[in-house]
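Heads up: the structure comes next, in structure tokens.
The values are calculated or read from the model by the stated rules, or taken from the named source; none is laboratory data. Predicted model only: the values in this text are computed from it and were never measured. Here the Cβ positions follow ideal geometry from the backbone for every residue, glycine too, while neighbour counts run over all protein chains shown. Areas reflect the complete protein model, heavy atoms only, side chains present, ligands, DNA and RNA absent. Shrake-Rupley method; radii C 1.70, N 1.55, O 1.52, S 1.80 Å.
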Amino acid sequence: MTDVVAEGGAAEGAVAEDIAVEITGLKKSFGPLDVLKGIDLQVRRGEVVCVIGPSGSGKSTLLRCVNLLEEPSGGKIVVDGVELTDPDVDIDRARTRIGMVFQGFNLFSHLNVLNNLTVAQRKVLKRDQKQAEEIALRNLERVGLSEKVDAMPAQLSGGQQQRVAIARALSMDPDVMLFDEPTSALDPELVGDVLAVMRQLADEGMTMLVVTHEMQFAREVADKVLFMDGGYVVEQGPAEQVIGAPQQERTKTFLSRVL
Ligand code: ADP
Ligand code: MG
């Protein structure tokens with residue numbers, strides 16, 4: 001079924017257009033270490049998919065393959081109709097359509113907030129300064145940090161830095177946002193603000209692929225939850241099913257540790 005959609009031509013156009021990310025048989029090895037052993041995953045436009053699973057199960061590697069920070073060893077990744085695994089693809093161009101927010105705060109420490117948000121818009125998207133600033137301010141407002149436009153990253157809390165990182169990714173007009181444990185490095189009292197911004201993005205219809213340990217968030221926001229272990233997708237489905245009534249022993253064991 002998924003293969004049909006992925007390889008569908010014009011006849012399946014209506015269906016294919018609805019799919020933001022299509023991953024088929026994705027494999028990734030580091031030398032002898034097989035980290036991803038055949039991942040199939042579909043994210044529809046406007047859908048939030050949460051990826052859960054124990055440390056070392058390959059969650060970050062999966063996201064890094066979707067953003068081509070890692071080169072897949074096998075399989076196929078299609079984002080917004082562009083096959084990223086096609087050897088002839090323009091990787092830099094394809095990557096601008098994909099926003100990524102990491103666990104650590106990856107702001108440019110020597111640039112103030114405004115310039116953090118404008119630099120890639122100008123260099124990669126060739127927007128002029130005025131337009132880049134307008135877009136930056138709009139996205140800063142979206143994450144509730146308009147008043148921090150002139151601040152340096154070091155003057156912000158971890159939660160504020162992470163919200164700036166989200167605003168920076170949004171300023172590139174991504175089709176898809178990838179989040180890799182965006183709240184894991186935060187003090188507990190700062191987690192809620194970042195999750196609230198992500199929840200708002202979800203409500204606005206952003207397509208999101210989120211690796212998280214926040215089970216409450218996954219339960220409330222995710223359209224689909226995927227449990228990974230040992231490089232495989234062990235179980236996937238609606239949140240109330242995978243988190244609320246898991247079928248697989250490995251999923252049950254994992255959830256009993258984190259819930
Ligand atoms: P998770 O995010 O689920 O904790 P990762 O995707 O980070 O898991 O890692 C999965 C496995 O791949 C781990 O065993 C990790 O050590 C290994 N791994 C990840 N990146 C590399 C790399 N660049 N080189 C070698 N091994 C790696
Ligand atoms: Mg990880």
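Brief remarks follow.
- For the cross-link pairs LYS76/LYS126; LYS28/LYS76; LYS27/LYS59; LYS37/LYS76, the ones whose C-alpha atoms lie over 21 Å apart are LYS76/LYS126.
- Of the DSSP H helices in the chain, those with a Cα length along their own long axis of 20 Å or more and a mean Kyte-Doolittle hydropathy reaching -1.0 comprise 188-203.
- Estimated FRET transfer efficiency when R0 is 22 angstrom, pair ASP203-ARG45 (beta carbons, to 0.05): 0.90
- Computed per residue of the chain from DSSP H runs no shorter than four, each worth -39500 (n - 2.57), the mean residue ellipticity at 222 nm is -10500 deg cm²/dmol.
- Protein accessible area in region 108-172, 1.4 Å probe - carbon and sulfur %: 51 percent
- Using C-alpha pairs below 8 Å separated by at least 6 residues, the relative contact order for the chain is 24 percent.
- Heavy-atom accessible surface of VAL124, to the nearest 10 Å², is about 80 Å², with a 1.4 Å probe and all protein chains retained.
- Neighbour-limited loop hits for chymotrypsin sites (Phe, Trp or Tyr not before Pro), region 21-122 (at most 14 other Cβ within 10 Å; DSSP other than H, G, I, E, B): PHE108
- Surface per residue (accessible, 1.4 Å probe) for region 108-172, Å²: 48 Å²
- Here the peptides 210-223, 238-251 are ranked by packing, the mean other Cβ count within 10 Å, and the order with the highest first is 210-223, 238-251.
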